1. List the residue pairs whose Cβ atoms are under 8 Å apart, where the first residue sits in region 21-43 and is within 14 Å of Tyr56 (Cβ to Cβ), the second is part of a helix (DSSP H, G or I) and polar (S, T, N, Q), and the two are 6 or more positions apart or on different chains.
2. Which condition number in (1) assigned to a helix (DSSP H, G or I); (2) surrounded by 10 or more Cβ atoms within 10 Å (Cβ to Cβ); (3) not aliphatic (A, V, I, L, M) is the one that Ser44 fails?
3. Output the number of residues of region 9-55 satisfying the condition of being of a type in the set (Ser, Thr, Tyr), at pLDDT 80 or above and within 22 Å of the chain's Cα centre (by Cα).
Amino acid sequence: MNRELLNKTFQLMLQNTVVTLELFFAALILSMLLGLLLAVGRRSKNIVVSGIIRLYLLV
């Protein structure tokens with residue numbers, strides 16, 4: 001009985017860890033894409049695009 005409870009506890013812990021890692025990597029990828037977008041936008045020759053990016057960075 002105690003062994004089954006321990007086994008179930010470990011399964012739940014591992015399941016939550018996998019979800020947390022998935023969320024971490026999803027956030028990492030999205031932040032890298034946002035950073036790339038900001039870098040490209042700041043170097044843009046288009047005044048409107050670079051103005052919007054500068055305004056976003058000020059806020």
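1. Within 8 Å, the pairs are Gly41/Ser50; Arg42/Ser50.
2. Among (1) assigned to a helix (DSSP H, G or I); (2) surrounded by 10 or more Cβ atoms within 10 Å (Cβ to Cβ); (3) not aliphatic (A, V, I, L, M), Ser44 violates only (1).
3. Narrowing region 9-55 to residues of a type in the set (Ser, Thr, Tyr): 9, 17, 20, 31, 44, 50.
Checking the rest, the ones that are also at pLDDT 80 or above come to 9, 20, 31, 44, 50.
Remaining after also requiring within 22 Å of the chain's Cα centre (by Cα): 20, 31.
Residues that pass the stated criteria total 2.
The values are calculated or read from the model by the stated rules, or taken from the named source; none is laboratory data. Please read all numbers here as calculations on a predicted model, not as lab measurements. Methodologically, a virtual Cβ is constructed for each residue, glycine included, from the backbone with ideal geometry; neighbour enumeration extends over all protein chains shown.
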